[in-house]
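The values are calculated or read from the model by the stated rules, or taken from the named source; none is laboratory data. Computed from a predicted model, the values in this text were never measured in an experiment. Methodologically, a virtual Cβ is constructed for each residue, glycine included, from the backbone with ideal geometry; neighbour enumeration extends over all protein chains shown. In case anyone asks, the SASA skips ligands and DNA or RNA and just uses the protein heavy atoms, side chains included. Shrake-Rupley method; radii C 1.70, N 1.55, O 1.52, S 1.80 Å.
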Amino acid sequence: MSERAAQQWYLVYAKPRQETVARMNLERQGYTVYLPLVRQARRHKGRVITVVLPMFPRYLFIQLDRQTDNWGPIRSTFGVVSIVRFGQTAAAVPEDLITLLRSREDESGIQILPLEQYRRGTKVRITEGGFAGYEGIFVAHSGGERVTVLLQVLGRYTRARVELGAIEPAS
């Protein structure tokens, strides 16, 4: 078995808001670590600002070989609480999940979430529900998994709220 095949991804549980500290300290010790990041809009002093935060708060991924890597220092690394376990067994993460997360990153290593592909004014097509087949203009994220789309119905523009998964970019 090759060295790469013997390694597997595991989940590390970090202290609150110390995922980046844990990542830096684990990397400094020679471990391969992955911390997926996302952009989020936050309200700060009455203004909306965009911040970059961990996609999974308090969790990061570490690649280890069960046979050869020394797991002892991980638990005592500054910023780390523990390795996530189910009983006595460390929680292994499928390689496919890490590959998928990395494939959805932009050039700066930040996740591109499906909602980010839609900007105000983007033409979209509704694929499901009562408005399936209609084309409209993306207006805003309505909260949760819903978006607001401006549709032209009977010669008038009407706002409609639909599921995020029910729209696609119009050609």
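Got at least one residue in the range 106-116 being open to solvent by 70 Å² or more (accessible area, probe 1.4 Å), closer than 20 Å to R146 by Cα, free of Cβ contacts under 8 Å to residues at least 40 places away in the same chain and in a loop (DSSP other than H, G, I, E, B)? Yes, the range 106-116 contains a residue that is open to solvent by 70 Å² or more (accessible area, probe 1.4 Å), closer than 20 Å to R146 by Cα, free of Cβ contacts under 8 Å to residues at least 40 places away in the same chain and in a loop (DSSP other than H, G, I, E, B).
Taking the range 55-101 as the range and being over 19 Å from A14 (Cα atoms), within 20 Å of the chain's Cα centre (by Cα) and either of a type outside the set (A, V, I, L, M, F, W, C) or modelled with pLDDT of 95 or more (or both) as the test, the residues that pass are P94, E95, D96, T99. The set of residues from the range 123-146 being out of contact with any Gly (no Cβ under 8 Å at 6 or more places or on another chain), modelled with pLDDT of 85 or more and open to solvent by less than 40 Å² (accessible area, probe 1.4 Å) comprises G136, V139. Only one of the numbered conditions (1) open to solvent by less than 60 Å² (accessible area, probe 1.4 Å); (2) part of a loop (DSSP other than H, G, I, E, B); (3) touching a helix residue (DSSP H, G or I) at 6+ places or on another chain (Cβ under 7 Å); (4) not hydroxyl-bearing (S, T, Y) is not met by I62, and that is (2). With respect to V33, determine if the residue is in contact with an Asp or Glu (Cβ under 6 Å, 6 or more places away or on another chain) and not in a loop (DSSP other than H, G, I, E, B). It is true that V33 is in contact with an Asp or Glu (Cβ under 6 Å, 6 or more places away or on another chain) and not in a loop (DSSP other than H, G, I, E, B). Scanning the range 152-171 for residues that are open to solvent by less than 30 Å² (accessible area, probe 1.4 Å), closer than 16 Å to R119 by Cα and part of a strand (DSSP E or B) yields V162, I167.
When restricted to residues that are within 28 Å of Q40 (Cβ to Cβ), touching a Gly at 6+ places or on another chain (Cβ under 8 Å) and not charged (D, E, K, R), the range 152-169 contains 3.
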